[in-house]
Amino acid sequence: MNDKKDAAVATLENLGYTHEGGNLWKPPLGKAPDFNLLDTLHARIASLEAQLSAWQAAPEGWRLVPESPTEEMIKAGDAKTWVLPCNYCWSAMLSAAPPPPEREPKCWCETCRPITLSDMRMVLCPDCGNKRCPKATHHDNACTNSNAPGQPGSSWEHVKPHGATND
């Protein structure tokens, strides 16, 4: 009888229950937060922000310029050309400039071609056609031929299967 009692006490303690005397055990106050998930999400956000900054930067061979020339720009220019701050000349040059070349994404994967408001589409693995396959997240990942959530390397890595707990 004592083994069963000890096993029951150990089970309740392992589940987080506390005993403060009497016949009742106090249940745990919910599950502990998964701080690793928060760190992973913060790292993913930082990575996506870096990708977005790189994507929005000027293409190779181009420079971003202000809409009106600064005094430093005027002083650095040829005195014959820039006798006065010529906003008309500047706006004429800007309007005559060709548009920046279209930058094609490196490939189809979610990493190389992030989903944006102007480019919303479902990213699928080209081998198996599954959205949760790690290869859909990054072209260097191997195809698992699976659509199960929680696969390492997939953007669905931290999604728990239906009915799973965070234990």
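Values as computed for the structure displayed
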| item | result |
| --- | --- |
| Test: residue in the range 102-115 that is in a helix (DSSP H, G or I), surrounded by 10 or more Cβ atoms within 10 Å (Cβ to Cβ) and modelled with pLDDT of 75 or more | no |
| Residue, nearest to the chain's Cα centre (by Cα), within the range 15-47, restricted to residues that are small (Gly, Ala, Ser) and either assigned to a loop (DSSP other than H, G, I, E, B) or farther than 30 Å from Thr111 by Cβ (or both) | Ala32 |
| Pairs with Cβ under 9 Å, 6+ apart, first in the range 9-23 and among the small types (Gly, Ala, Ser), second part of a loop (DSSP other than H, G, I, E, B) | Gly16/Pro27; Gly16/Pro28; Gly16/Leu29; Gly16/Lys31; Gly16/Ala32 |
| Unique residue being hydrophobic (A, V, I, L, M, F, W, C), assigned to a loop (DSSP other than H, G, I, E, B) and either within 26 Å of the chain's Cα centre (by Cα) or modelled with pLDDT of 70 or more (or both) when the list is Val83, Val65 | Val65 |
| Restricting the range 129-151 to residues that are in contact with a helix residue (DSSP H, G or I) (Cβ under 8 Å, 6 or more places away or on another chain) and either open to solvent by less than 40 Å² (accessible area, probe 1.4 Å) or modelled with pLDDT under 90 (or both), the residue that is farthest from Arg44 (Cα to Cα) | Asn130 |
| Failed item in (1) exposed (fewer than 10 other Cβ atoms within 10 Å of the Cβ); (2) among the acidic types (Asp, Glu); (3) modelled with pLDDT of 70 or more, with Glu157 passing the rest | (1) |
| Residues (modelled with pLDDT under 85 and assigned to a helix (DSSP H, G or I)) located in the range 1-13 | Asn2 |
| Neighbours by Cβ (under 6 Å, 6+ apart or cross-chain): first from the range 121-141, β-branched (Val, Ile, Thr); second assigned to a loop (DSSP other than H, G, I, E, B) and surrounded by 15 or more Cβ atoms within 10 Å (Cβ to Cβ) | Val123/Glu110; Thr137/Glu110; Thr137/Ser154; Thr137/Ser155 |
| Qualifying residue in the range 56-70 (condition: of a type in the set (Val, Ile, Thr), closer than 25 Å to Ser155 by Cβ and surrounded by 10 or more Cβ atoms within 10 Å (Cβ to Cβ)) | no |
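The values are calculated or read from the model by the stated rules, or taken from the named source; none is laboratory data. Since the model is a prediction, treat every value here as computed from it, not as a measurement. In this analysis, Cβ positions are derived from the backbone assuming ideal geometry, glycine residues included, and neighbour counts consider all displayed protein chains. Each accessible area value is taken on the protein alone, full model and side chains, heavy atoms only, with ligands, DNA and RNA left out. Shrake-Rupley method; radii C 1.70, N 1.55, O 1.52, S 1.80 Å.
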